[in-house]
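Report on the structure given below.
The values are calculated or read from the model by the stated rules, or taken from the named source; none is laboratory data. On a predicted model such as this, the values are computed, not experimentally measured, just so you know. Cβ sites come from the backbone with ideal geometry, for glycine too, and all protein chains shown count toward neighbours. Remember, those area values only see protein heavy atoms, side chains included, never the ligands or the DNA or RNA. Shrake-Rupley method; radii C 1.70, N 1.55, O 1.52, S 1.80 Å.
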Amino acid sequence: MSQVTGPPASPAPMRPVMHRVVRRRQDLDDTVTLWLEPIAEAVGLAAAGQFNMLWAFGIGEAPISLAGSDDGLLVHTVRAVGAVTIALCSASEGTEIGVRGPFGTGWGQAEAEGRDVVVVAGGLGLAPVRPLVMDILSRRDRFGRTSLLVGARSPDTLLYHDELTRLAADGSIEVDITVDTAPPSWPGHVGVVTNLINGAADLSPEAAAFVCGPEVMMRFTARALIDQGLAPEAIAVSLERNMHCAIGHCGHCQLGSTFICKHGPVLPWPRVEPLIAVRER
Amino acid sequence: MMSIADLLAESPFFVGLPSVSLDLLAGCGRNVHFSAGDRILSEGESADEFFVLRHGRVALEIDSPRQGPLVIETLRPGEIVGVSWLLPPYRWTLDARALDDCRAISLDARCLRAKCDDDHDLGYELFKRFAGLIRSRLQATRLQLIDLYRAGAS
């Protein structure tokens, strides 16, 4: 599947556009979802799969995938793993945050219309696929059987738990969740997310797959999908790298000749496989 | 009413197995039922049978002194419950508990091991399939061990 570039970035892509946090939700101990409202001007409309650079003023900026758009508000889910993301997660309602973007490629789900779709997300990888799933739901009749397969470390680290529960109950798409370990009280599946793929014996070989999560998880997921008969080029994955400029100039996120910020983050699996096969030293 | 051989043929694990082999397996099989919460296997006990799950889910558990029982994996219809019957000392290394009302085919391990000793083609075919199953469960355990989803793991 060839990825689709979203709308062009701002004519001044290095200038942050001021936004204000209008809603904050603590999703997990270390993960927060922020709703950002433009203060004067807005950044371009992002396609599902694209990312913005979020500025915590005085500290720095970090690339954060779009987790949704909600009545003109940008929705971003952030995990506190470094100085910038810790600051972003600490932002209370009213805090001003700079936004640059949108950048990179989207999921390109239009190419999947008329086919079955399988979306596989692990951990925080659920955030970048959320707008993809929302888009499919908004045009449900244009897609075939659609499955959302979700993996998490444990039940208490499952992102968007309530939303997933509603989605599963709604039945518009199939939702299958697994966690790596769980106490006996957990009613769902336990095991790695690839088990859900291996268990999907009726997965159509014509299906389109969208995968987002830790790199190791994506590697094994892509292989499991191919083992189930999917064509490698029908699998799109979203890579996470250390984006700085986000416009393909600085090279911080470069893998071979590929700038993840510009040519990605969503890339077809045949292009990604040789890139991530190179071992980091 | 479907025969045991017909029911075995429905499991993806036995796909492609010739009917003569399915009939041999079926000769060691019987239908069993477990209610939700029933203990199916207990760690340390003799591995005298294994199960082909037809309906319901089964949790494989390990008891941890500090954390209590931890679910390692859940199995779904079509999957195999129990591999320790295959090799000495024929002792379960995990607990298995029915999460739902379950229907399964129980295969008598002594009966099947004797048939594998008599019919090496059958034995080789079964060992290949179980080796694949053990490999995939080992791989899954490795992925669980590296704790994929911890912060910064990617």
Given B:LEU99, B:LEU107, B:LEU25, B:LEU17, which one is crowded, with 19+ Cβ neighbours inside 10 Å, touching a residue at least 60 places away in the same chain (Cβ under 8 Å) and touching a Phe, Trp or Tyr at 6+ places or on another chain (Cβ under 6 Å)? B:LEU107
Strands (runs of 3 or more DSSP E) wholly inside region B:1-111 that include at least 1 residues being out of contact with any strand residue (DSSP E or B) (no Cβ under 7 Å at 6 or more places or on another chain): B:68-75
Take A:LEU132 and tell me if it is within 30 Å of A:PRO63 (Cα to Cα) and modelled with pLDDT of 95 or more. yes
Within region B:121-140, of all residues that are among the aliphatic types (A, V, I, L, M), more than 12 Å from every other protein chain (Cβ to nearest Cβ) and open to solvent by 30 Å² or more (accessible area, probe 1.4 Å), the one nearest to B:VAL20 (Cα to Cα) is B:ALA131
For region A:68-107: of the residues being among the small types (Gly, Ala, Ser) and in a loop (DSSP other than H, G, I, E, B), which is modelled with the lowest pLDDT? A:GLY72
When every residue in region A:224-243 that is charged (D, E, K, R) and closer than 19 Å to A:ASP116 by Cβ is compared, the one farthest from the chain's Cα centre (by Cα) is A:ASP227
Among the residues of region A:70-95, which ones are among the acidic types (Asp, Glu) and either buried (at least 18 other Cβ atoms within 10 Å of the Cβ) or farther than 16 Å from A:GLN26 by Cα (or both)? A:ASP70, A:ASP71
Across region B:25-43, what is the number of residues that are under 21 Å from B:ARG113 (Cβ atoms) and basic (Lys, Arg)? 1
Restricting attention to region A:230-241, does a residue exist that is hydrophobic (A, V, I, L, M, F, W, C), within 14 Å of A:PHE103 (Cα to Cα) and open to solvent by less than 30 Å² (accessible area, probe 1.4 Å)? yes
Of A:ALA46, A:ALA67, which residue is closer than 12 Å to A:PRO128 by Cα, open to solvent by 10 Å² or more (accessible area, probe 1.4 Å) and either assigned by TED's automatic domain parsing to the domain that holds A:VAL211 or of a type in the set (Gly, Ala, Ser) (or both)? A:ALA46
Within region B:126-140, the count of residues that are in contact (Cβ under 8 Å) with a residue 12 or more places away in the chain and over 16 Å from the mean Cα position of the chain (by Cα) comes to 0
Residues of region B:74-89 that turn out to be within 13 Å of chain A (Cβ to nearest Cβ), open to solvent by 20 Å² or more (accessible area, probe 1.4 Å) and either under 18 Å from A:ARG153 (Cβ atoms) or not basic (Lys, Arg) (or both), as a count: 2
Does any residue of region A:216-228 turn out to be in a loop (DSSP other than H, G, I, E, B) and either more than 10 Å from every other protein chain (Cβ to nearest Cβ) or more than 23 Å from A:ALA48 (Cβ to Cβ) (or both)? yes
Filter region B:58-69 for residues that are under 15 Å from B:ALA140 (Cβ atoms) and free of Cβ contacts under 8 Å to residues at least 40 places away in the same chain; which is farthest from the other protein chains (Cβ to nearest Cβ)? B:ILE62
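Working only within region B:112-148, note down all residues that are more than 21 Å from A:PRO184 (Cα to Cα) and not in a helix (DSSP H, G or I).
If the condition is that a residue be more than 21 Å from A:PRO184 (Cα to Cα) and not in a helix (DSSP H, G or I), then B:ASP119, B:ILE146, B:LEU148 are the ones that fit.
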